[in-house]
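Asks: Quick one: this structure, given as structure tokens, is what I'll be asking you about.
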Amino acid sequence: MNRSFVYLIPFVLLFFAACGETEQEQAQQEQRQQQMQMQMIETTPEFTGQMATILEHYFDLKNALVESDAEQAKMYAETFKNEADGVDASSLNEETQAIWISFSEVIVNSSSELISQDDVDDQRYHFEYISDAMIDMVDTFRPVGYEVYHQSCPMVRDGSADWLSREEDIRNPYHGDRMMRCGEVIRQI
């Protein structure tokens with residue numbers, strides 16, 4: 001056995017041990033940040049109800065894209081956008097208002113872009129941004145008392161794209177009938 005290789009083994013082990021601690025520390029830091037954010041979140045029953053309504057309109061939009069129905073998607077996106085734009089967050093603390101505003105800006109702007117598109121594939125592009133904001137919104141505000149499924153398709157454009165669903169079964173809004181079952185459940189929320 002080569003002596004330099006023998007001397008290298010302790011350094012390799014030390015390197016992997018140090019990386020393990022760093023990953024654990026990073027996970028603990030992320031958990032602390034989430035806990036701090038949750039402490040800042042204060043909602044009211046009225047606000048939670050508005051979030052639940054927005055989520056229902058999101059599901060309508062998602063289902064229209066599953067069906068590859070561009071006209072229905074426009075109609076549902078308009079309702080979804082108007083509902084999000086009309087949320088009254090005035091009773092919330094400043095931190096919670098700021099969080100909601102960051103979600104609503106993406107929702108409203110991306111919905112407007114989706115509405116302006118006639119092609120369902122172009123609509124699906126904007127739906128990615130809507131879905132990312134909605135996933136964060138549901139994670140943050142937990143607006144409903146039922147299971148919501150965070151799902152993902154690994155074959156959207158140059159990577160993967162996620163969405164929310166009330167059903168565990170995969171019905172892909174990014175591909176519709178071309179690849180209806182492409183995807184997986186990431187987690188239940």
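What follows is calculated from the coordinates using simple rules that are stated; it is not laboratory data. On a predicted model such as this, the values are computed, not experimentally measured, just so you know. Virtual Cβ from ideal backbone geometry, glycine too; neighbours counted across all protein chains shown.
Asks: I'm checking my understanding of the structure. Among residues of the range 146-189 that are within 15 Å of MET134 (Cα to Cα) and basic (Lys, Arg), which one is surrounded by the most Cβ atoms within 10 Å (Cβ to Cβ)?
Replies: The residue in question is ARG166.
Asks: Name the residues in the range 39-76 that are among the acidic types (Asp, Glu), closer than 24 Å to ILE99 by Cα and in a loop (DSSP other than H, G, I, E, B), would you?
Replies: Answer for the range 39-76, where residues must be among the acidic types (Asp, Glu), closer than 24 Å to ILE99 by Cα and in a loop (DSSP other than H, G, I, E, B): just GLU42.
Asks: Consider only pairs whose beta carbons are under 7 Å apart and that are at least six residues apart or on different chains; among these, list those whose first residue lies in the range 65-79 and is free of Cβ contacts under 8 Å to residues at least 60 places away in the same chain and whose second residue is surrounded by fewer than 16 Cβ atoms within 10 Å (Cβ to Cβ) and outside any helix (DSSP H, G or I).
Replies: If the second residue must be surrounded by fewer than 16 Cβ atoms within 10 Å (Cβ to Cβ) and outside any helix (DSSP H, G or I), the pairs left are ALA70/ASP118; ALA70/ASP119.
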